1. At 222 nm, what value in deg cm²/dmol follows for the chain if DSSP H runs of at least 4 each add -39500 (n - 2.57) and the sum is divided by all its residues, to the nearest 500?
2. Give a quick list of GluC sites (Glu not before Pro) in the stretch 9-55 that DSSP marks as loop, anything other than H, G, I, E or B, with at most 10 other Cβ atoms within 10 Å.
3. So which trypsin sites (Lys or Arg not before Pro) in the stretch 1-99 end up in coil per DSSP with only 14 or fewer other C-beta atoms within 10 Å?
4. Please say if the chain is rounded, prolate or oblate, where rounded means a/c under 1.5 for a ≥ b ≥ c the square roots of the C-alpha gyration tensor eigenvalues, and otherwise the choice is prolate for a/b larger than b/c and oblate otherwise?
5. So which aspartates and glutamates pass the test for Lys122, namely a Cα distance under 18 Å, with those fewer than 8 places away in the same chain ruled out?
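Each reported figure results from applying straightforward, stated rules to the coordinates on display, with no laboratory input. This one's a predicted model, so the numbers in the text were calculated from it and none came from an experiment. No Cβ is skipped: glycine too gets one built from the backbone with ideal geometry, and neighbour counts run over all protein chains shown.
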Amino acid sequence: MTIGERIEIFLEQNTTRFASKSELARALGTTYKQLQRYITNESKPKAEILEKFSLLGCDINWLITGKSHKEMLEIIELGEKAIASVDDIYKGLKKTNPDKIDKIEVLEAQLQNFHKILEEVKKKANK
């Protein structure tokens, strides 16, 4: 499903607030023509429009990805579990294979990068 299709779903779910695409466009501070470009995926909404969708009650995670905020947090949790599992493997390798420390250190560096990326994703998800 595309962003455009999700915009149409948002509009359908809010017909009492927005009787038409023109009304939604006005609420977003844009033109009907530009809204139509978003719906047909000729153009992607910029941050200012996404912020206005949010102010209108639209879940921006869902609008952009098709996944709700809750689903995104669940994905992050799965990522944390996967990293913890790899971290356990790393610790085991370090103890049982001290002769391969150079390869293990590469794994450690990659794990640290995964941790940093996951922290950034968590910060963004909680905004």
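1. -24000 deg cm²/dmol
2. Answer by residue number: Glu42.
3. Arg17, Lys46, Lys67
4. Because a/c hits 1.5 or more and a/b exceeds b/c, the chain counts as prolate.
5. Asp59, Glu71, Glu74, Glu77, Glu80
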